[in-house]
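J.: Handing you a structure now.
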Amino acid sequence: MMIIDTHVHIFPEKIAASAVSALERQYEIESCGSATVQGIISSMKKAKVDGSVLLSIATRPGQVESINNWISDTSKTNPNLIPLGAMHPDHPDPETEIIRMRKLGIKGIKLHSEFQHFYPDEERMFRLYEALSSDMVVVFHAGDEIRPLTKIHTRPKGLASVVDSFPELKIVAAHLGCHRCWNEVEQYLIGKKIFFDTAYVFPVPGYEHLTTRRITDIIEAHGFDKILFGTDYPFRDQSKEVDNILNLDIDEVHKKMILGSNAVKLFNIKNDTGSSEVITD
Ligand SMILES: [Zn+2]
């Protein structure tokens with residue numbers, strides 16, 4: 001079975017420790033591995049994860065190009081790391097940078113509205129979605145742990161409007177559609193043409209927003225073909241998160257889809273990830 005973790009954060013060696021401790025403080029969470037290339041590689045070995053999708057976030061428009069260069073270089077030397085690039089809503093020329101990303105082998109972008117201050121259905125975002133066309137993936141951080149629900153920018157209703165306006169766009173909403181807004185996920189997003197990842201949703205001591213039963217219900221209702229295994233490494237342990245999927249009360253064939261085959265199709269992952277397995281549908 002091919003296992004792809006579609007939600008991983010790593011940083012260049014010299015800033016990894018400080019970037020992670022800033023996030024730990026902000027979200028009052030703890031990391032379980034180092035957010036470096038070496039950290040993710042050893043975690044993948046232990047968890048038998050074949051590929052990890054690297055999510056990059058630019059907090060300022062000026063960071064976009066250098067992050068994209070780094071993420072592309074990193075994935076070229078480590079083919080089992082799949083690069084998603086950074087973009088910022090205030091970037092002066094997203095069209096040109098997205099063309100450059102394609103040449104760098106970058107498969108899409110990650111947007112984080114709480115760090116980048118935008119609403120997904122704002123008109124200024126549309127040129128970005130146009131530029132991504134039907135080949136590049138956009139992953140939205142959705143919901144939030146630290147802000148009151150009323151102050152969250154990326155909510156199911158706004159995402160649903162983007163899905164309706166850009167039917168060709170490949171959209172992923174992290175955290176099972178929207179962290180801590182799962183009633184709204186059921187109201188606005190269930191069944192629509194949008195992927196959900198499973199990052200940071202399974203219950204652990206001190207974090208019990210969702211039960212495994214409710215997670216299973218949302219996954220079943222939305223459709224097994226639109227669920228992606230994701231962990232939020234280094235903030236969740238890849239081995240334990242793989243077990244969480246394997247322990248779900250669903251068919252084996254659906255577990256395979258969630259753990260890998262949906263991601264292989266969405267990100268157009270060739271079998272050059274170092275895995276000896278042949279990818280079949
Ligand atoms: Zn994340």
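J.: What number of residues in the stretch 203-214 are away from the ligand (no atom under 15 Å from the Cβ) and either within 16 Å of Gly143 (Cα to Cα) or among the small types (Gly, Ala, Ser) (or both)?
T.: To start, the set of residues in the stretch 203-214 that are away from the ligand (no atom under 15 Å from the Cβ) comprises 203-206, 208-214.
Now drop any that are not either within 16 Å of Gly143 (Cα to Cα) or among the small types (Gly, Ala, Ser) (or both), which leaves 206, 208-210.
Going through the stretch 203-214 one residue at a time, the tally reaches 4.
J.: Further question: Where the second residue is more than 16 Å from the ligand (Cβ to nearest atom) and at pLDDT 95 or above and the first is over 14 Å from Leu111 (Cα atoms) and among the basic types (Lys, Arg) and lies in the stretch 154-176, which pairs have Cβ atoms under 6 Å and are six or more apart or on separate chains?
T.: Once the first residue is over 14 Å from Leu111 (Cα atoms) and among the basic types (Lys, Arg) and sits in the stretch 154-176, its partners that are more than 16 Å from the ligand (Cβ to nearest atom) and at pLDDT 95 or above give Lys157/Tyr188.
J.: Right, something else. Please state which of the following conditions Asp281 fails to meet, knowing it meets all the rest: (1) modelled with pLDDT under 95; (2) within 14 Å of the chain's Cα centre (by Cα).
T.: (2) is the only condition that Asp281 fails.
J.: Another question about this same structure. If you go through the stretch 126-146 one residue at a time, do you hit one that is among the acidic types (Asp, Glu) and in contact with a His (Cβ under 9 Å, 6 or more places away or on another chain)? I'd like the intermediate steps shown before the answer.
T.: Of the residues in the stretch 126-146, the ones among the acidic types (Asp, Glu) are 130, 135, 144-145.
Keeping just the survivors that are in contact with a His (Cβ under 9 Å, 6 or more places away or on another chain) gives 144-145.
Taking every residue of the stretch 126-146 in turn, at least one turns out to be among the acidic types (Asp, Glu) and in contact with a His (Cβ under 9 Å, 6 or more places away or on another chain).
J.: Does the stretch 263-271 contain any residue that is at pLDDT 95 or above, more than 20 Å from Ala142 (Cβ to Cβ) and either part of a helix (DSSP H, G or I) or within 16 Å of the ligand (Cβ to nearest atom) (or both)?
T.: So far as the stretch 263-271 goes, yes, one or more of its residues are at pLDDT 95 or above, more than 20 Å from Ala142 (Cβ to Cβ) and either part of a helix (DSSP H, G or I) or within 16 Å of the ligand (Cβ to nearest atom) (or both).
Quick grid of which residues meet (1) assigned to a helix (DSSP H, G or I); (2) within 16 Å of the ligand (Cβ to nearest atom):
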residue	(1), (2)
Lys192	no, no
Val201	no, yes
Thr216	yes, no
Arg236	no, yes
Asp249	no, no
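J.: Right, next: Quick check on my filter: what residues within the stretch 132-171 are under 14 Å from the mean Cα position of the chain (by Cα), of a type in the set (A, V, I, L, M, F, W, C) and in a loop (DSSP other than H, G, I, E, B)?
T.: The answer is Met136, Ala142.
J.: Report those helices (runs of 4 or more DSSP H) wholly inside the stretch 23-131 carrying at least 3 residues which are away from the ligand (no atom under 15 Å from the Cβ), surrounded by fewer than 22 Cβ atoms within 10 Å (Cβ to Cβ) and modelled with pLDDT of 95 or more. Even if it seems obvious, please write down each step before you answer.
T.: Numbers: elements: 37-47, 64-77, 94-104, 113-116.
In the stretch 23-131, the matching helices (runs of 4 or more DSSP H) lie at 37-47, 64-77, 94-104.
J.: Another question, then. List pairs: first residue in the stretch 1-25 and closer than 22 Å to Ile109 by Cβ, second residue assigned to a strand (DSSP E or B) and away from the ligand (no atom under 14 Å from the Cβ) anywhere in the structure, Cβ distance under 6 angstrom, at least six positions apart or on different chains.
T.: Ile4/Gly51
Residues checked against (1) under 24 Å from Val53 (Cα atoms); (2) within 15 Å of the ligand (Cβ to nearest atom):
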site	(1), (2)
Glu168	yes, no
Arg180	yes, yes
Gln187	no, no
Phe196	yes, yes
Val242	yes, no
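J.: While we're on this one: Go through (1) within 15 Å of the ligand (Cβ to nearest atom); (2) surrounded by 24 or more Cβ atoms within 10 Å (Cβ to Cβ); (3) farther than 18 Å from Ile29 by Cβ and name the single condition Val138 misses.
T.: For Val138, the exception is condition (2).
The values are calculated or read from the model by the stated rules, or taken from the named source; none is laboratory data. The shown structure was predicted, so the numbers you read here are calculated from the model rather than taken from an experiment. When we count neighbours, we look across all protein chains shown, and the Cβ atoms used for this are built from the backbone with ideal geometry, even at glycine.
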